[in-house]
Amino acid sequence: MTSTLPAAALAATTDPTVREALGRALVFDGHNDLAWESRTLASYETGGLGSTDPHGRFQTDVPRLRRGGVGAQFWSVYVPTDLAGADAVEATLEQIDFVHRLVAAYPDDLVLARTGDDVRAAWADGKIASLLGAEGGHSIDGSLAVLRTFARLGVAYMTLTHNDNTPWADSATDDPVHGGLTDVGRDVVREMNRLGMIVDLSHVAPTTMHDALDVTTAPVIFSHSGCRAVTEHPRNVPDDVLLRLRDNGGVLMVAFVPSFLSEEWAQWRYAGEVGAEPVVGVDAVVAHLEHARDVMGVEHVGLGGDYDGFAVFPRGLEDVSGYPRLLEALAARGWSAEEIAAVVGGNAVRVLDAATAAVTDAR
């Protein structure tokens, strides 16, 4: 698999290992919340994202995606859990509509994608593959018909919960009530497998992670999480789950959120941000990537920045243009071009291929 590397990404790094890696696979990021930020800050306006944002509202725009070597982006179609029932469904449809309109507004740069073949075609054309991921099972309001409709509109993954439990799955950041997945939750996972939608286990409780891995017949992802052995945070993934993820063929896409990366930073924030802010840099992301690699193998590691989903990011990774700095840090620690290419994009494309193959097999 090779990519047509944009000139902007070539200019972003002189490291020969990184340039070789990006020639094999561009950055495929698992989670970006631009759609929700656009709702809250710009009333879903797509204009202005073709140039670097002059107002500093967003961490994402087309030129910075190009400079970051981003060739595929899962755009999160997220709504908060205080929107429930039909309101959640409606707001998720608005998010999906925004991504479709965003792609239509920048046809020279963005193209809708759903499968691994779509991503490879986008890379060959020098465009950024734009995929959709629904963040939170509350968005379907308990309806498999809504789930199927989202799939028809191009939604390629769904996170089973957000910060609160759903009626059929426990969240990592809520009091457990189900002990993982209910029978309805297991049916949701089976239907997602049948539809070729990737099951995303970010945000869910460890019991839910295990139950989903018991049920799924296709590889799963964590679209934006870290390693709990490195940072003790409920949004991070325990090693026993990482081992099962390896056996499942899935991918942990490491998020750049400081509280997931650094216990010191998380404690500072939750104590009211008193005193000097602890420094979190690129090395914190590297620590999570290397732990995940050591536990599972490099074939199961990816990137899920969570840009425009949090206010601050590690120094050197403040916006989507920063990926080459991270890749240079990996190269400096002895990662090969082949390993970096797997992490930045190759592994995510493999999971998409597997989801498509599962649908083909079901037929």
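The values are calculated or read from the model by the stated rules, or taken from the named source; none is laboratory data. Since this is a predicted model, take the numbers as computed values, not measurements. Here the Cβ is made from the backbone with ideal geometry for all residues, glycine too, and neighbour counts use every protein chain on show. When the accessible area is computed, the model is the full protein with side chains, heavy atoms only, and any ligands, DNA or RNA have been set aside. Shrake-Rupley method; radii C 1.70, N 1.55, O 1.52, S 1.80 Å.
Spot the failing condition for residue 217; the list is (1) part of a loop (DSSP other than H, G, I, E, B); (2) farther than 23 Å from residue 285 by Cα; (3) among the polar types (S, T, N, Q); (4) open to solvent by less than 10 Å² (accessible area, probe 1.4 Å), and only one is missed.
Only one criterion is unmet by residue 217, namely (4).
State yes or no: is residue 308 farther than 17 Å from residue 233 by Cβ, open to solvent by 20 Å² or more (accessible area, probe 1.4 Å) and of a type in the set (D, E, K, R)? Explain how you work it out, then say what you get.
Working: farther than 17 Å from residue 233 by Cβ: yes; open to solvent by 20 Å² or more (accessible area, probe 1.4 Å): no; of a type in the set (D, E, K, R): yes.
Here the answer is no, as residue 308 does not meet what is asked.
Could you list all residues from segment 185-197 that are part of a helix (DSSP H, G or I) and open to solvent by less than 10 Å² (accessible area, probe 1.4 Å)? Show your work before the answer.
Let us first name the residues in segment 185-197 that are part of a helix (DSSP H, G or I), namely 185-195.
185, 188, 189, 192 - these are the residues of segment 185-197 that are part of a helix (DSSP H, G or I) and open to solvent by less than 10 Å² (accessible area, probe 1.4 Å).
Being touching an Asp or Glu at 6+ places or on another chain (Cβ under 9 Å), closer than 28 Å to residue 354 by Cα and of a type in the set (A, V, I, L, M) is the filter here, so list the residues in segment 302-336 that pass it.
303, 320, 327, 330 - these are the residues of segment 302-336 that are touching an Asp or Glu at 6+ places or on another chain (Cβ under 9 Å), closer than 28 Å to residue 354 by Cα and of a type in the set (A, V, I, L, M).
Please verify whether residue 200 is within 20 Å of residue 162 (Cβ to Cβ), surrounded by 24 or more Cβ atoms within 10 Å (Cβ to Cβ), touching a residue at least 12 places away in the same chain (Cβ under 8 Å) and of a type in the set (D, E, K, R), treating the condition exactly as stated. Even if it seems obvious, please write down each step before you answer.
Values: within 20 Å of residue 162 (Cβ to Cβ): yes; surrounded by 24 or more Cβ atoms within 10 Å (Cβ to Cβ): yes; touching a residue at least 12 places away in the same chain (Cβ under 8 Å): yes; of a type in the set (D, E, K, R): yes.
Spelling it out, residue 200 is indeed within 20 Å of residue 162 (Cβ to Cβ), surrounded by 24 or more Cβ atoms within 10 Å (Cβ to Cβ), touching a residue at least 12 places away in the same chain (Cβ under 8 Å) and of a type in the set (D, E, K, R).
Mind telling me which of the residues 166, 159, 182 ends up being without any contact (Cβ under 8 Å) to a residue 24 or more places away in the chain and open to solvent by less than 40 Å² (accessible area, probe 1.4 Å)?
On the way: 166 fails: without any contact (Cβ under 8 Å) to a residue 24 or more places away in the chain; 159 fails: without any contact (Cβ under 8 Å) to a residue 24 or more places away in the chain.
Within the list 166, 159, 182, the selection yields 182.
Within the set of pairs 6 or more residues apart or between chains, which connect a residue that is assigned to a loop (DSSP other than H, G, I, E, B) inside segment 116-135 to a residue that is open to solvent by 10 Å² or more (accessible area, probe 1.4 Å) and hydrophobic (A, V, I, L, M, F, W, C) with Cβ atoms less than 6 Å apart?
Every condition considered, the pairs that remain are 127/111.
Identify all residues within segment 220-256 that are hydrophobic (A, V, I, L, M, F, W, C), open to solvent by 20 Å² or more (accessible area, probe 1.4 Å) and in contact with a strand residue (DSSP E or B) (Cβ under 7 Å, 6 or more places away or on another chain); write none if there are none. Don't jump to the end; show me each part of the working.
Let us first name the residues in segment 220-256 that are hydrophobic (A, V, I, L, M, F, W, C), namely 220-222, 227, 229-230, 237, 241-243, 245, 251-256.
Now drop any that are not open to solvent by 20 Å² or more (accessible area, probe 1.4 Å), which leaves 229-230, 243.
Passing the criteria: none in range.
Scan segment 265-279 and tell me whether some residue there is open to solvent by 40 Å² or more (accessible area, probe 1.4 Å) and within 20 Å of the chain's Cα centre (by Cα).
First, pick out the residues of segment 265-279 that are open to solvent by 40 Å² or more (accessible area, probe 1.4 Å): 267, 269-277, 279.
From what's left, within 20 Å of the chain's Cα centre (by Cα): none.
Within segment 265-279, not a single residue is open to solvent by 40 Å² or more (accessible area, probe 1.4 Å) and within 20 Å of the chain's Cα centre (by Cα).
Since residue 101 meets every condition but one in (1) in contact with a Ser or Thr (Cβ under 7 Å, 6 or more places away or on another chain); (2) crowded, with 20+ Cβ neighbours inside 10 Å, which condition does it not meet?
For residue 101, the exception is condition (2).
For every residue, the table says whether it meets (1) touching a residue at least 40 places away in the same chain (Cβ under 8 Å); (2) in a helix (DSSP H, G or I); (3) surrounded by 24 or more Cβ atoms within 10 Å (Cβ to Cβ).
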position: 312; (1), (2), (3): yes, no, no
position: 318; (1), (2), (3): yes, no, no
position: 327; (1), (2), (3): yes, yes, yes
position: 347; (1), (2), (3): yes, yes, yes
position: 350; (1), (2), (3): yes, yes, no
position: 353; (1), (2), (3): yes, yes, no
position: 358; (1), (2), (3): yes, yes, no
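With the structure loaded, tell me whether residue 147 is within 24 Å of residue 350 (Cα to Cα), assigned to a helix (DSSP H, G or I) and open to solvent by 10 Å² or more (accessible area, probe 1.4 Å) or whether it fails that test. If you could, list the steps in order and put the result at the bottom.
Details: within 24 Å of residue 350 (Cα to Cα): yes; assigned to a helix (DSSP H, G or I): yes; open to solvent by 10 Å² or more (accessible area, probe 1.4 Å): no.
The answer is no for residue 147.
If you check 74, 28, which single one turns out to be under 16 Å from residue 308 (Cβ atoms) and either modelled with pLDDT of 95 or more or outside any strand (DSSP E or B) (or both)? Talk me through it step by step, then tell me what you get.
Details: 28 fails: under 16 Å from residue 308 (Cβ atoms).
So the residue among 74, 28 that is under 16 Å from residue 308 (Cβ atoms) and either modelled with pLDDT of 95 or more or outside any strand (DSSP E or B) (or both) is 74.
So which of 124, 145 ends up being modelled with pLDDT under 95 and more than 19 Å from the chain's Cα centre (by Cα)?
On the way: 145 fails: modelled with pLDDT under 95.
After applying the criteria, what remains is 124.
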